[in-house]
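The values are calculated or read from the model by the stated rules, or taken from the named source; none is laboratory data. Keep in mind that what you see is a predicted model, and the values were worked out from it rather than measured. Using ideal geometry, Cβ is built from the backbone for each residue, glycine included, and neighbour counts are taken over all protein chains shown. In case anyone asks, the SASA skips ligands and DNA or RNA and just uses the protein heavy atoms, side chains included. Shrake-Rupley method; radii C 1.70, N 1.55, O 1.52, S 1.80 Å.
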Amino acid sequence: MNILQELRGRLHSVLASKVEDADRFAAMLTPSQNPEFGDYQANCAMPLSKQLGKPPRDVAADLIAELDISDLCEQPEIAGPGFINFRVKTNFLQQQIDQVSQSERLGVEPVAEKQRIVIDYSAPNVAKPMHVGHLRSTVIGNALYRILSFLGHDVTSDNHIGDWGTQFGMILYGYRNFVDQAAYEKDAVAELSRLYRLVNRLGEYHQTVEELPGLEWKLSEAEQAVNDAEATVEQDDKRGKKQLKKLRSDLESIRASVKKAEGLVAEVEQDAELKKLADAHPEIHTDARKETAKLHAGDPENRQLWDEFLPACLEAMNVVYRRLDINFDLTLGESYYQPQLASVVEELKSKGLAEESQGAMCVFLPEERAPFIVQKQDGAFTYATTDLATIRYRVEELKADTILYVVDARQGDHFQMLFKTARKWGYDDVALQHVSFGTVMGKDGKPFKTRAGDIVGLGDLLDEAISRALGIVAANDDAKPNGAELDDAARARIAEIVGLGGIKYADLHHNRESDYIFDWDKMLAMNGDTATYMQYAYARICGIFRKAGVERETIRNSDQSIQLGHDAERALAFQLLRFDEALAASAQEYRPNFLTNYLFETANTFSTFYDKCPVASEEDEATRLSRLKLCETTARILEQGLSLLGIKTSERM
RNA sequence: GCGCCCGUAGCUCAGUUGGAUAGAGCAACGGACUUCUAAUCCGUAGGUCAUAGGUUCGAAUCCUAUCGGGCGUGCCA
């Protein structure tokens, strides 16, 4: 039973006879912020006071008088201006926790209204190896997939990989002109990725060389503007000062881009080899795009190369996914929709949504500054077109009720336009949701750059995490009071669980909306609010079972009912009963961090219990069994909860 | 220029949709291992919630302005 929901329901039925929007007021019943105010609190009496024309405390008293909750709670108390505080009866907790301890689903009821949900996440670009920037979408998306599935929804994960865009043209161009055949045969993916970076770099070089004079001119303009403003702005001219400041910051950003451009050019020019290549390929930028266009147009040679490259690229991605224990129901990349794109544009045209502008087919949306381009001047389709085709497919073939896009917040504008266009196009029943997340920043507070070169690849990141974890696992094992108990194989296995768990958890426990700073040490720290803390709590529970010499199965089937005599026992039972609440909140907002918070609190509450209440050595048999049951339920909730985040546990650490 | 997001303890972050005395984790300080794993627990200290106004019973949360940062902004995805 979801106690919060139950209480809200009871309050709702009282409110319904008094006000129209009972839902809104019932929702004001929330968990208490502070234990001294009980377990739950209702805050609705104050706002109702106006509507009902009574002092809030009187409103609260009226509500309490009509509320039928004596089976769940002690007599509610009115506090402060009109808060109603609820304290759940311990014998009710007892009866509930007994049920949950027997329950396969740990007290979590499957949703009443099952939805068909497609989750679009991870979606790496096959041309570039996966790096730390891909982590968030992958980890958050997979957690949502697991949570929504567990709640009983019909969920399909779809990896919408980038296998058909401009970046593939670069690979094709690179392969044609620069391939090192021996390297390609040895490690195709590494070589292709080198080729991609090379072509990209040379293209950028030429573009930069072309743009640099313009940039420098802009720089001198900006310098002039600042000088002029400095000369004319009066001391007390607030507006002028503000403008001056703006000009200065413009100047700084232009200066930075000039510096960056010069650096880029210098890097190529100082490298004789690179310079030679650059001179030999002056049109590389457009030529690479032509390769893309040829591929799209069905050029047999490019198609053949594509067919050859793709499996290797996919396999490289799958290596990482296997390590992360992630798999997809579908992997329908951009290329899958390629045959459908022309018809998308035709439909948009025939419905009068798309029109030609400057040689491109565009959908113009009111309130949007830029057009939504569905076909470029050169005839190529864009990701906008692909995304529209994908929506059509997911609604018509997959019968999706909801589509979630777990994608970087920087693409927010794109999704705004995509969703608006889709609705106008006729897909207005499906719920389209951009589950956006913030940028991963470096320690300097600046975003990771995709092509900076010194970015850690995802594979290396995982290796590093596991090797650090191994050090800690070994040190901890060596320090055990009764001597080490793990052999090398076990240590290695646990290090993997701890290392990967640490990485996933570091990402999931942030509010996904905010940017966060990527920090090796924090991510792999083995104490505090980390996956390790919960994994450790789980392992300690398993240690209790070993010590007590009982099987978990036996504990679960015992008919000893759970007793909550000690504060720590009551607190733990109450916490365990709120698993349902945490999952519901997490699913409602598509925010795994609600679940990580819950699990951290659960492990914390358990650790306190562990400290205060002996289990295996408890002499009173009923108490001992009761506590074993509490432990067993805690273990299952930690295990299940972590598993919904894609994090594993070990019985020994 | 326009649009979106952000500013909370020394650091990294929460804050359940407007609720009571703003919370965690690191780092600091002080306690707790002959007893189920001290990867732990208990306690202390640390705050003008960027700033200034406003809305109301009540604001970190909503509105306005200012300051500071990030991102995006017609053919990359």
Checklist entry - For the subset of segment A:1-18 comprising residues that are under 27 Å from A:V100 (Cα atoms) and of a type in the set (D, E, K, R), which member is surrounded by the fewest Cβ atoms within 10 Å (Cβ to Cβ)? => result A:E6
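Test of understanding: among A:A280, A:A288, A:A272, which residue is within 13 Å of RNA strand B (Cβ to nearest atom) and either closer than 30 Å to A:A225 by Cα or of a type outside the set (K, R) (or both)?
Details: A:A280 fails: within 13 Å of RNA strand B (Cβ to nearest atom); A:A272 fails: within 13 Å of RNA strand B (Cβ to nearest atom).
Testing whether each residue is within 13 Å of RNA strand B (Cβ to nearest atom) and either closer than 30 Å to A:A225 by Cα or of a type outside the set (K, R) (or both) leaves just A:A288.
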Checklist entry - Within the set of pairs 6+ apart or on separate chains, which have a first residue in segment A:163-177 that is more than 20 Å from A:G379 (Cβ to Cβ), a second that is within 15 Å of RNA strand B (Cβ to nearest atom) and part of a helix (DSSP H, G or I), and C-beta atoms under 7 Å apart? => result A:I171/A:Y196; A:G174/A:Y196; A:G174/A:V199
Checklist entry - Would you pick out the residues in segment A:47-78 that are closer than 15 Å to A:A26 by Cβ and within 8 Å of RNA strand B (Cβ to nearest atom)? => result A:P47
Next on the checklist: Tell me whether segment A:118-125 contains one or more residues that are of a type outside the set (F, W, Y), assigned to a helix (DSSP H, G or I), assigned by TED's automatic domain parsing to the domain that holds A:E334 and within 16 Å of RNA strand B (Cβ to nearest atom).
Outcome noted: no
Checklist outcome for this item: Expected single match for free of Cβ contacts under 8 Å to residues at least 24 places away in the same chain, within 14 Å of RNA strand B (Cβ to nearest atom) and within 30 Å of A:N142 (Cα to Cα) among A:F594, A:F600 is A:F594
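Given the options A:L310, A:L305, name the one that is of a type outside the set (G, A, S) and within 16 Å of RNA strand B (Cβ to nearest atom).
So the residue among A:L310, A:L305 that is of a type outside the set (G, A, S) and within 16 Å of RNA strand B (Cβ to nearest atom) is A:L310.
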Checklist entry - When you go through A:N557, A:N482 one by one, which is the residue that is within 11 Å of RNA strand B (Cβ to nearest atom), polar (S, T, N, Q) and out of contact with any helix residue (DSSP H, G or I) (no Cβ under 6 Å at 6 or more places or on another chain)? => result A:N482
Next on the checklist: From the list A:Y516, A:Y505, exactly one residue is open to solvent by less than 20 Å² (accessible area, probe 1.4 Å), within 6 Å of RNA strand B (Cβ to nearest atom) and within 18 Å of the chain's Cα centre (by Cα). Which is it?
Outcome noted: A:Y516
Item to check | Elements of type helices (runs of 4 or more DSSP H) contained in segment A:577-653, each with 3 or more residues being open to solvent by 50 Å² or more (accessible area, probe 1.4 Å), at pLDDT 95 or above and in the same structural domain as A:G499 (by TED's automatic domain parsing) | outcome: A:592-612
Checklist entry - Does at least one position in segment A:229-252 carry a residue that is open to solvent by 80 Å² or more (accessible area, probe 1.4 Å), under 28 Å from A:A288 (Cβ atoms) and either modelled with pLDDT of 80 or more or among the small types (G, A, S) (or both)? => result no
Item to check | Which listed residue is in contact with a strand residue (DSSP E or B) (Cβ under 7 Å, 6 or more places away or on another chain) and surrounded by fewer than 19 Cβ atoms within 10 Å (Cβ to Cβ), from A:R136, A:R116 | outcome: A:R116
Checklist outcome for this item: Subset of segment A:519-554, residues closer than 18 Å to A:P614 by Cβ, within 8 Å of RNA strand B (Cβ to nearest atom) and open to solvent by 40 Å² or more (accessible area, probe 1.4 Å), comes to A:R540, A:R546, A:K547
Checklist entry - Is there any pair with a first residue in segment A:143-160 that is in contact (Cβ under 8 Å) with a residue 60 or more places away in the chain and farther than 15 Å from A:F328 by Cα and a second that is open to solvent by 20 Å² or more (accessible area, probe 1.4 Å) and β-branched (V, I, T) whose Cβ atoms are under 6 Å apart and which are 6 or more apart or on different chains, and what are they? => result A:L151/A:V111
Checklist outcome for this item: Over segment A:45-103, the set of residues in a loop (DSSP other than H, G, I, E, B) and touching a Gly at 6+ places or on another chain (Cβ under 7 Å) is A:R87
Checklist entry - From the list A:S103, A:S149, A:S70, A:S157, which residue is among the polar types (S, T, N, Q) and surrounded by 23 or more Cβ atoms within 10 Å (Cβ to Cβ)? => result A:S157
Item to check | First in segment A:99-123 and at positive phi, second anywhere and of a type in the set (D, E, K, R), Cβ under 9 Å, 6 or more apart | outcome: A:L106/A:D580; A:L106/A:R636; A:G107/A:D580; A:A123/A:D158
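Each row is one residue, and each column tells you yes or no for (1) near RNA strand B (Cβ under 9 Å from one of its atoms); (2) open to solvent by less than 10 Å² (accessible area, probe 1.4 Å); (3) in a strand (DSSP E or B).
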{"position": "A:C362", "(1), (2), (3)": "yes, yes, yes"}
{"position": "A:I373", "(1), (2), (3)": "yes, no, yes"}
{"position": "A:Q377", "(1), (2), (3)": "yes, no, no"}
{"position": "A:L388", "(1), (2), (3)": "no, yes, no"}
{"position": "A:V395", "(1), (2), (3)": "no, no, no"}
{"position": "A:L398", "(1), (2), (3)": "no, no, no"}
{"position": "A:V406", "(1), (2), (3)": "no, yes, yes"}
